[in-house]
Amino acid sequence: MHIPYDVRELDRRHVWHGWAPFDHTIDKLVIERGQGYLVWDAEGHTYLDAISSSLNSTCGYQHPQVVAAIAAQMAQLHHVDHGVATNSPAARLAARIAECAATESGPALTRTLFTNSGSEAVEAALRIVAEFHRHRGEPRDRVITFEAGYHGSTNLCQALSGLPHVRPAYGHPFTVTRVPLPDPVTARDPEYTPLLLAAFDAAFAAQDGPQSVAAVLVEPFINVGGGIVLPPGLLLGLRDRCAEAGALFLIDEVFTGYGRTGRMFAFQHEDATPDVLISSKGLTSGYLPLGAVTTTDAVHLAFAADRAYGGLPYGHTTSGHALACATALAVLDVLQNEGLIERAATLGTDLLSKLAGFTAYRHVRDVRGFGLVVTLEMASPDVAQLLVAAARERGLLLRVQGSAVMAMPPLIIDERGVKDIAAMLEESLAAIDLVGALR
Ligand SMILES: Cc1ncc(COP(=O)(O)O)c(C=O)c1O
């Protein structure tokens, strides 16, 4: 195959890659094609995509049903300004998300505002939070988050995080109280539930007290902060505390939503229905950009007093994009008709059991999983990078965040693919074990 020297060269000279080292000599992969859970680079090497390309692919590459739905919608209507008119895919998708988010006991999440990315959805959700309290005549400006939380790339989202490489140096409109997590290895232990809840109680009580808290915003699995599994009962405890303080409970399911954890949404494992659900990534399986903020009627109705803009001066030119929404509908059909959520649960358990014994390798501190995402906690970020490089050489693409290496293939993966991930990971671990100089 033709080696696209010019593509690498053009990239090197002209593309600014976010979240990447400032080193123009690094040989970037040039991915030319994908099919199922495999991708091929320009030199014809095959890779098993255990980063899920868009970081939460459900349907994998070139799913025929999704590709056909995109072509059909494109031939009919790509978009229409959502402030002026609606379109059929957007209306049907909003109704479908309400169905997907239903639980036995929680209040119904019925109303969706569309955005183009996860970060925008978090921004919009916080705008909703601020306006909600203002409409109720008691403005509040404090948000409680996890210190290690990550909620996106925009200025406001970054200001929510306490991660040193994410948090910007400038100020922001909300007061943020951040709750630290215990060690990533022990965080999932049920005995940490009361300890973490006590830390949130202290956060509520801090500064001007619980009545100053506008919202608690958490991820149900800490992604960028290190692939950390949270203890059971935490989300329910947070929901109760929010209700008591009159604060809104926001769950950021940008990473976990749409089947990844073995349920449609991670909050459904314990029916901890939030007031505001934020989703993106898996919604379109990465085929098109789309984000969603889904609220209860109670939140939405607080805006009824302002007839002009529904009280929400927020929206993008491409909000409710017909093509993106039609894609999401096809993706949800595949997810549900092909039983991909149940499969995430089964294959996730299978992958975790295959990798659990890898703690026997010198540099592996911990192996943990939540649905179809398994994290290997390595001894240091350097070893983690080394493992990712060794795996890439063997045809396996892995996600890395600090010392955490994550395997999260598209949900259409099969038993053979899971076996291949385990085998390539083991070979890579054995190879880096031979590198003596590492801690
Ligand atoms: C939990 C969480 N929230 C928000 C975002 C931001 O989403 P986006 O990259 O689509 O802006 C991410 C992205 O990784 C995420 O993992």
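The values are calculated or read from the model by the stated rules, or taken from the named source; none is laboratory data. Everything numeric here is computed off the predicted structure, so don't read it as measured data. Neighbour counts are summed over all protein chains in view; Cβ atoms, including those assigned to glycine, are modelled from backbone coordinates with ideal geometry. Ligands, DNA and RNA are stripped out before the accessible areas are found, and what is left, the full protein with its side chains, is counted by its heavy atoms. Shrake-Rupley method; radii C 1.70, N 1.55, O 1.52, S 1.80 Å.
Of the residues making up the range 95-128, not one is of a type in the set (Asp, Glu) and open to solvent by less than 10 Å² (accessible area, probe 1.4 Å). Restricting the range 415-439 to residues that are assigned to a loop (DSSP other than H, G, I, E, B) and in contact with a Leu (Cβ under 8 Å, 6 or more places away or on another chain) leaves a set whose member that is modelled with the lowest pLDDT is Leu438. Being without any contact (Cβ under 8 Å) to a residue 60 or more places away in the chain, of a type outside the set (Gly, Ala, Ser) and farther than 28 Å from Arg111 by Cβ: is that true of Pro184 here? Judged against the criteria, Pro184 is not a match.
Of all the residues in the range 16-50, those that are among the acidic types (Asp, Glu) and closer than 29 Å to Leu340 by Cα number 3. Counting only helices (runs of 4 or more DSSP H) that sit wholly inside the range 58-153, those with at least 2 residues that are in contact (Cβ under 8 Å) with a residue 12 or more places away in the chain and of a type in the set (D, E, K, R) are 88-100, 118-135. Scanning the range 101-131 for residues that are more than 12 Å from the ligand (Cβ to nearest atom), touching a strand residue (DSSP E or B) at 6+ places or on another chain (Cβ under 9 Å) and farther than 15 Å from Leu277 by Cα turns up just one, Ala130. Screening the range 256-314 for residues that are within 16 Å of the ligand (Cβ to nearest atom) and among the aromatic types (Phe, Trp, Tyr) and picking the one that is farthest from Ala125 (Cα to Cα) gives Tyr287. In the range 211-236, of all residues being assigned to a helix (DSSP H, G or I) and open to solvent by 10 Å² or more (accessible area, probe 1.4 Å), the one that is nearest to the ligand (Cβ to nearest atom) corresponds to Leu235. For the range 394-414, the tally of residues that are part of a loop (DSSP other than H, G, I, E, B) and crowded, with 24+ Cβ neighbours inside 10 Å stands at 6. Taking the criterion of being among the charged types (D, E, K, R) and either open to solvent by 40 Å² or more (accessible area, probe 1.4 Å) or near the ligand (Cβ under 9 Å from one of its atoms) (or both), the residues of the range 132-153 that qualify are Arg134, Arg136, Glu138, Asp141, Glu147.
In the range 372-384, the residue that is farthest from Ala404 (Cα to Cα) out of those that are touching a Gly at 6+ places or on another chain (Cβ under 6 Å) and open to solvent by less than 20 Å² (accessible area, probe 1.4 Å) is Leu372.
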